[in-house]
1. Just for segment 427-461: of the residues that are in a loop (DSSP other than H, G, I, E, B) and under 21 Å from residue 405 (Cα atoms), which one is modelled with the lowest pLDDT?
2. If I filter segment 192-210 down to residues being under 15 Å from residue 232 (Cα atoms) and in contact with a helix residue (DSSP H, G or I) (Cβ under 6 Å, 6 or more places away or on another chain), which single residue comes out as surrounded by the most Cβ atoms within 10 Å (Cβ to Cβ)?
3. Picking from 268, 245, which residue would you name as being in contact with a strand residue (DSSP E or B) (Cβ under 7 Å, 6 or more places away or on another chain), part of a helix (DSSP H, G or I) and under 14 Å from residue 157 (Cα atoms)?
4. Of the conditions (1) surrounded by 13 or more Cβ atoms within 10 Å (Cβ to Cβ); (2) assigned to a helix (DSSP H, G or I); (3) within 45 Å of the chain's Cα centre (by Cα), residue 117 satisfies every one except a single condition; which number is it?
5. Residues to consider are 357, 341; find the one that is surrounded by 10 or more Cβ atoms within 10 Å (Cβ to Cβ) and not in a helix (DSSP H, G or I).
6. Could you look through segment 271-294, keep only residues that are closer than 10 Å to residue 169 by Cα and more than 35 Å from the chain's Cα centre (by Cα), and pick out the one that is surrounded by the most Cβ atoms within 10 Å (Cβ to Cβ)?
7. Residue check: is residue 71 part of a helix (DSSP H, G or I) and either assigned by TED's automatic domain parsing to the domain that holds residue 33 or surrounded by fewer than 18 Cβ atoms within 10 Å (Cβ to Cβ) (or both)?
């Protein structure tokens, strides 16, 4: 029968898992406290709770990191995978997984190289979208009534802009104050650009005709708000022409590529926004002098042409005087002509009136004619017919007595040529080859044969 051995005993205390995890957590938090860790962001994921989970890595190791929701708006930059950063925060552990992790309170870009690489990557992406195309650039208004400025209300930038505009061409300035660097600066600048564009033209706050986005010089980190994608897209979408004036002349930010005009300094931006009134007045005076000279030359040319045309025209007053004289003469003659015409017409009328019969005489003549017709109609019709028949018979007898038919009946004949004309001589008969001999009881055709002068030999052809 075997015996159960008692558990070994020693000087080591017996600890639970939770006690060990708590001790490790306290040791980490006590030994490290606040730390700055440099590494590349990887495995970043934003949860629905608003917390951001990620990892920081370098060539040899990787550490888990968390950005709590309440601190997300104050970390200083927008985290993205692949960006090398310096994370400031506290080291702690997560006992349930036996992991240690970094609670991030602030993020900064790790040197200018990382910043420039990130800016270049964003520039290439926006360039591919066409946001920097020259065709999108708009002309600035020549005489803006209202100038909008997005800048810090403190510092020399806004004073330089005010002084320059007052000196060159005094105009109304509307300032939208923003933070130009640090936490939340990019969001404020983007909101200011969009806010100016959303102002109604006839609102309480006048809508600017041109915008100036300005800040003074600084390091690359100080100017990062103007390299932010939200700021660049807001400038590209602005309905108002925009001038960028960020940093010094050698500084270049992404907003410079998308703006309508880029100024090396805020003072230069103000000079671009408004013209120089002295130079403008001089240009106006010069243009006015040139215009006056041109008008004078045109007037002289027109006057010369008019003089030449006038020399070729007749004497209008003389023409009008002659026409007036003819009119007076015609008027006087017309006054005299009308009575004379009436006298002539009256004399002609009197002559015609003397030749006309009186209506009573005309009526009496017509009555006499009617009476004669009535008398003629009263003669008996039969007697008139007998009288007419006797006259017709007498005329027929006279006609028959002179007709050649009676001569033909006594044995004579009539020669007729083909034309139907009577032939009265042998010479005329010889001229026709064929004749018609008309007897009292009909016609007979004959042919003629000439035998000697004036001889005709007829051939009967019945």
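1. In the first step, residues of segment 427-461 are kept if they are in a loop (DSSP other than H, G, I, E, B); the result is 431-433, 440-441, 451-455.
Filter once more, so that each one left must be under 21 Å from residue 405 (Cα atoms): 440-441.
Working: 440: 73, 441: 80.
So the residue we want is 440.
2. 193
3. Sole residue among the options that is in contact with a strand residue (DSSP E or B) (Cβ under 7 Å, 6 or more places away or on another chain), part of a helix (DSSP H, G or I) and under 14 Å from residue 157 (Cα atoms): 268.
4. (3)
5. Working: 341 fails: not in a helix (DSSP H, G or I).
Just one listed residue meets the conditions, 357.
6. Among them, the one singled out is 271.
7. Considered against the rule, which asks whether it is part of a helix (DSSP H, G or I) and either assigned by TED's automatic domain parsing to the domain that holds residue 33 or surrounded by fewer than 18 Cβ atoms within 10 Å (Cβ to Cβ) (or both), residue 71 comes out as yes.
Rundown of residues vs (1) at pLDDT 85 or above; (2) within 56 Å of the chain's Cα centre (by Cα), yes/no style:
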position: 30; (1), (2): no, no
position: 39; (1), (2): yes, no
position: 61; (1), (2): yes, no
position: 66; (1), (2): yes, no
position: 70; (1), (2): yes, no
position: 75; (1), (2): no, yes
position: 83; (1), (2): no, yes
position: 86; (1), (2): yes, no
position: 101; (1), (2): yes, no
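The values are calculated or read from the model by the stated rules, or taken from the named source; none is laboratory data. All values reported here derive from a predicted model rather than from experimental measurement. Cβ atoms come from the backbone with ideal geometry, glycine included; neighbour counts cover every protein chain shown.
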